[in-house]
């Protein structure tokens, strides 16, 4: 079976495990969509030429679907290329100790606030140090290479900032790793302590045990964060695309699927090589389900000068200050034109080279 069908095979074989009333609604909805993607269950558009007819089945557009997510990411890159000025950017990764991962795993409602915490840390430090505001994108992630639950943030920021008081652009800023780490540590622990105080934090541990964990993790000398201080806009968007709408496991990593077991490649960072990882079918599906976002949770969050309320007001000023002309938002590519541009394939040319045109629409077929 082709690699791109392996994930569908896994979900079909395990349907009795996840298609249950007690399963989180977002998981049931997205897994069902992925099974129906590009099948008669979603309906189709029919195109025809003088000699041929072609059925193009509708896609599921689920954020967990590898094929749908890839095309959406390409279109997102195209829009961001026009929206962002041609200036240097920086990439940061904020992680947290593994003892805190289960807390966020059991309290998914708290995950939604992590991007705002990470962005606030950077904004406050830059405001205090340089008096500037930045362009900030945050991509929240919950998975590691072994499909384990690992809460962390990929943060993409401009390497320069707007000094609003003087109306000028500061082109070169430096990030202090130790200061940002301490602020991030303080922000996360304070956030969890407040959630515990307000009784909105659930856990298998009692309150005293949780307080002890939070105290010990706050006193941990170092939390790991990564900073890459300079990259071009092209590299910036390529880096972001690696994480935006990215499924928790790529189809190419899947090696073997049976009715009992799933085997896939994992990059072991300690050994610095790829290793084979095996899960039971039930364990694999349970791990995969943990990384399905709840409804109305965005894959990318925007802050600072990119915040929705500020973008329209400040984007023209930023372009003017860096001596560039603001580009108009590109017209969204159609299905046909996006395939021609990004994949070099014209889906509306038949086997004889003749142009096909839309003929009719097929309604969804209920299984």
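The values are calculated or read from the model by the stated rules, or taken from the named source; none is laboratory data. Since the model is a prediction, treat every value here as computed from it, not as a measurement. We place every Cβ from the backbone using ideal geometry, glycine too, and count neighbours over all the protein chains shown.
The figures follow:
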| quantity | calculated |
| --- | --- |
| Count of residues meeting criterion [surrounded by 14 or more Cβ atoms within 10 Å (Cβ to Cβ) and either within 29 Å of residue 279 (Cβ to Cβ) or within 18 Å of the chain's Cα centre (by Cα) (or both)] in segment 224-236 | 2 |
| Criterion violated by residue 179 - all others in (1) touching a helix residue (DSSP H, G or I) at 6+ places or on another chain (Cβ under 7 Å); (2) at pLDDT below 95; (3) over 22 Å from residue 112 (Cα atoms) satisfied | (2) |
| Filtered residues of segment 307-325 (kept if over 16 Å from residue 170 (Cβ atoms) and under 27 Å from the mean Cα position of the chain (by Cα)) | 307, 308, 309, 310, 311, 312, 313, 315 |
| Some residue of segment 352-361 being over 26 Å from the mean Cα position of the chain (by Cα) and within 20 Å of residue 83 (Cα to Cα) | no |
| Boolean, residue 239 is under 17 Å from the mean Cα position of the chain (by Cα), under 30 Å from residue 29 (Cα atoms) and in a helix (DSSP H, G or I) | yes |
| Condition check for residue 192: within 21 Å of residue 88 (Cβ to Cβ), touching a residue at least 12 places away in the same chain (Cβ under 8 Å), assigned to a helix (DSSP H, G or I) and more than 17 Å from the chain's Cα centre (by Cα) | no |
| Residue in segment 282-303 that is within 18 Å of residue 82 (Cβ to Cβ) and either touching a strand residue (DSSP E or B) at 6+ places or on another chain (Cβ under 9 Å) or assigned by TED's automatic domain parsing to the domain that holds residue 118 (or both) present | yes |
| Condition check for residue 334: loosely packed, with under 13 Cβ neighbours inside 10 Å, outside the structural domain of residue 49 (by TED's automatic domain parsing) and farther than 30 Å from residue 161 by Cβ | yes |
| Single residue of segment 242-266 satisfying the filter (loosely packed, with under 13 Cβ neighbours inside 10 Å and either touching a strand residue (DSSP E or B) at 6+ places or on another chain (Cβ under 9 Å) or at pLDDT 95 or above (or both)) that is nearest to residue 151 (Cα to Cα) | 242 |
| Search result, residues across segment 298-327 that are assigned to a loop (DSSP other than H, G, I, E, B) and loosely packed, with under 12 Cβ neighbours inside 10 Å | 323, 325 |
| Residue match in segment 278-299 (condition: within 22 Å of residue 134 (Cβ to Cβ) and in contact (Cβ under 8 Å) with a residue 24 or more places away in the chain) | yes |
| Single residue of 330, 364 found to be within 26 Å of residue 155 (Cα to Cα) and either in contact with a strand residue (DSSP E or B) (Cβ under 9 Å, 6 or more places away or on another chain) or assigned to a loop (DSSP other than H, G, I, E, B) (or both) | 330 |
| Given (1) surrounded by fewer than 12 Cβ atoms within 10 Å (Cβ to Cβ); (2) within 15 Å of residue 94 (Cβ to Cβ), number of the condition residue 206 does not satisfy | (2) |
| Wholly within segment 41-108, strands (runs of 3 or more DSSP E) carrying at least 2 residues that are closer than 30 Å to residue 314 by Cα | 89-94 |
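Here is a yes/no grid of residues against (1) touching a strand residue (DSSP E or B) at 6+ places or on another chain (Cβ under 7 Å); (2) in the same structural domain as residue 214 (by TED's automatic domain parsing); (3) buried (at least 21 other Cβ atoms within 10 Å of the Cβ):
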position	(1), (2), (3)
154	yes, yes, yes
166	no, yes, no
171	no, yes, no
175	yes, yes, no
178	no, yes, no
181	yes, yes, no
185	no, yes, yes
191	no, yes, no
195	no, yes, no
